[in-house]
1. When the residues of region 122-140 are filtered to those that are of a type outside the set (Gly, Ala, Ser) and part of a loop (DSSP other than H, G, I, E, B), which remaining residue is most open to solvent (accessible area, probe 1.4 Å)?
2. For region 145-173, what are the residues that are in a helix (DSSP H, G or I) and open to solvent by less than 20 Å² (accessible area, probe 1.4 Å)?
3. Among (1) among the β-branched types (Val, Ile, Thr); (2) closer than 26 Å to Trp265 by Cβ; (3) in contact with a Phe, Trp or Tyr (Cβ under 7 Å, 6 or more places away or on another chain), where does Val75 come up short?
4. Looking at region 177-230 only, could you name the residues that are open to solvent by less than 10 Å² (accessible area, probe 1.4 Å) and part of a strand (DSSP E or B)?
5. Sort out which residues of region 241-259 are surrounded by fewer than 22 Cβ atoms within 10 Å (Cβ to Cβ), in contact with a strand residue (DSSP E or B) (Cβ under 8 Å, 6 or more places away or on another chain) and of a type in the set (Asp, Glu), and write them in order of number.
6. Is region 80-90 home to any residue that is without any contact (Cβ under 8 Å) to a residue 24 or more places away in the chain and either on the phi > 0 side of the Ramachandran plot or surrounded by 14 or more Cβ atoms within 10 Å (Cβ to Cβ) (or both)?
7. May I ask you to list the residues in region 231-283 that are part of a strand (DSSP E or B), aromatic (Phe, Trp, Tyr) and in contact with a Cys (Cβ under 9 Å, 6 or more places away or on another chain)?
8. Quick check on region 68-99: of everything there that is over 30 Å from Asn147 (Cβ atoms) and part of a loop (DSSP other than H, G, I, E, B), which residue is farthest from the chain's Cα centre (by Cα)?
Amino acid sequence: MVVRNRIISQVLQRSRSKSISSSSLGQQKCWGSTAAAAATATEVGSKSMGFWLKDYEDYRKSLYGGNITHKALFVDAVGTLLVPAQPTAQIYRQMGEKYGVKYSEDEILNRYRWAYGQPWGRSRLRYVDDGRPFWQYIVSSSTGCSNAQYFEELYNYFMTEKAWQLCDPNAGKVFQALRNAGVKVAVVSNFDTRLRPLLRALGCEHWFDAMAVSAEVAAEKPNPTIFLKACDLLGVKPEDAVHVGDDRRNDIWGARDAGCDAWLWGSEVHSFQEVAQRIGVHI
């Protein structure tokens, strides 16, 4: 972590100095060409960043005496590995019509976001065991409907394969290639106890060497505890693992606080093949 932070610091310092030089040069040649100077500075910064990241990857590979940069890959579930097949608010409305739900999808979505952002209990753990109390609160707050049968229908629906789809259809192939190369793979997720049967229903439970589920370890991201639990399950040190997730606070900051490396899904990496390539496994 210290070496990586030093490299990033050097990148930023080098980019700033070259940006200033490029801007000054642009002003001397043509006072009005600030856009061109900015573009030049950006290009220089990008090249510098690429150089130093390559240097960092080479350093990581030297730790293990080969082409691999990490011994373990942690993967976030919702938003990275899988997403709802249909918008959640749409499902809430469609299933709720026969129970008297009148809110539009936009209204349900806004109410859902508000409810989800509220403090939850003294423990602050949303997903305890099956998570029913939390999800009952979310459903009733989002739709204004507290009907028990409606809740059970929704709750059970989101445990089925038809409710979800993979973000990357090549995920299984990539994970197998990583494992064949000696890289262990684990899910690290804020989820209730439905996650295991859900992944089983989707046919992808066997893709992983371990699962660190918040409802099972009594810790939710960004708490470093859940990442350290994943390390224990795989038998690796935090510095040997990289976590991939779509939430900057929960996934990136949380993993780094635990001592792991972390890449932001949808920004730093966009497919699991790209993840594998950065680790040093080419498919």
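1. Arg122
2. Selection gives Tyr150, Phe151, Leu154, Tyr155, Ala163, Ala171, Gly172.
3. Single failed check for Val75: (3).
4. Val185, Ala186, Val187, Val188, Ser189, Ala212, Val213
5. Of everything in region 241-259, just one residue is surrounded by fewer than 22 Cβ atoms within 10 Å (Cβ to Cβ), in contact with a strand residue (DSSP E or B) (Cβ under 8 Å, 6 or more places away or on another chain) and of a type in the set (Asp, Glu), namely Asp246.
6. Checked region 80-90: no residue is without any contact (Cβ under 8 Å) to a residue 24 or more places away in the chain and either on the phi > 0 side of the Ramachandran plot or surrounded by 14 or more Cβ atoms within 10 Å (Cβ to Cβ) (or both).
7. Result: Trp265, single match.
8. Ranking the qualifying residues of region 68-99, first place goes to Ile68.
The values are calculated or read from the model by the stated rules, or taken from the named source; none is laboratory data. Predicted, not measured: the structure shown is a model, and the values here were computed from it. Neighbour counts run over all protein chains shown; Cβ positions are idealised from the backbone, glycine included. To get the accessible areas, we keep the full protein, side chains included, count just its heavy atoms, and leave off ligands, DNA and RNA. Shrake-Rupley method; radii C 1.70, N 1.55, O 1.52, S 1.80 Å.
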